[in-house]
Amino acid sequence: MRLQDAQPKSGSQKRRRRLGRGISAGQGASCGFGMRGQKSRSGRPTRPGFEGGQNPLYRRVPKLKHFTLVNRKEYTVVNVGKLCDLKKGSDVTLESLMEAGIVTSNDGPLKLLGDGELSVALSVKAAAATKGAIAKIESAGGSFEAI
């Protein structure tokens, strides 16, 4: 068998309707599209999802509440107030927090939030932090580095 011998199964392909070829052809004059209006014109079908100029459903839906992000970043979240038990000048990373028992599981990169007070100067290396957390770390004499 060769490529040119491949034929579609008989009855699987229908010929196209020849529209507007006279009354005896079965689809003459208005071709089965009715009388006037957008759906009777040439080049007639509107695109899928078209709602007559109204903002279509596929564009409205993501604007509504409670639609989650598709590729949401998961972080291991720690508040600044939990870091006050650490020694002065120590390096703070996700691994050091797990050793200290402040964090019990690795849920992704470390992110610091600004809840609580910090009085110890620490050098923090984390993936992300809020502006309030960075301000509290630097006001205590520490430093923050995004990794």
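Some notes on this structure:
- Evaluated on the stretch 1-77, the Kirkwood hydrodynamic radius is 18.7 Å, with distances taken between all distinct Cα atoms.
- The alpha-carbon atoms of the stretch 37-115 define a convex hull whose volume equals 153 cubic angstrom per residue.
- Note on the stretch 80-121: semi-axes of the ellipsoid equivalent to its C-alpha gyration tensor, largest first and rounded to whole Å, are 17, 12, 9.
- Springs join every pair of Cα atoms under 10 Å in this Gaussian network model of the chain, and among Ala126, Ala25, Ala135 the largest mean-square fluctuation is at Ala25.
- The chain: calculated mean residue ellipticity at 222 nm from DSSP helix runs of at least 4, using -39500 (n - 2.57): -3500 deg cm²/dmol
- Kirkwood Rh, angstrom, the chain [1 / mean 1/r, Cα pairs]: 22.2 Å
- Dipole magnitude (debye, nearest 20) for the stretch 38-122, charges at Cβ of Lys, Arg, Asp, Glu: 1260 debye
- Chain lengthening between Lys14 and Arg72 when straightened (0.36 nm per residue, less Cα-Cα): 16.1 nm
- Non-local lysine pairs in the chain, meaning eight or more places apart or on different chains, with alpha-carbon distances under 14 Å, amount to 5.
- Here the extension length gained between Ser30 and Glu145 equals 34.2 nm, from 0.36 nm per residue of separation less the Cα-Cα distance.
- Remark: the chain carries a charge dipole of roughly 2480 debye about the Cα centre, counting +1 on each Lys and Arg Cβ and -1 on each Asp and Glu Cβ.
Every read-out reported here was derived from the displayed coordinates using simple, explicitly stated rules and does not represent laboratory data. Everything quoted here is computed from the prediction, not taken from an experiment. Cβ coordinates were reconstructed from backbone atoms using ideal geometry, including for glycine residues, and neighbour counts include every protein chain displayed.
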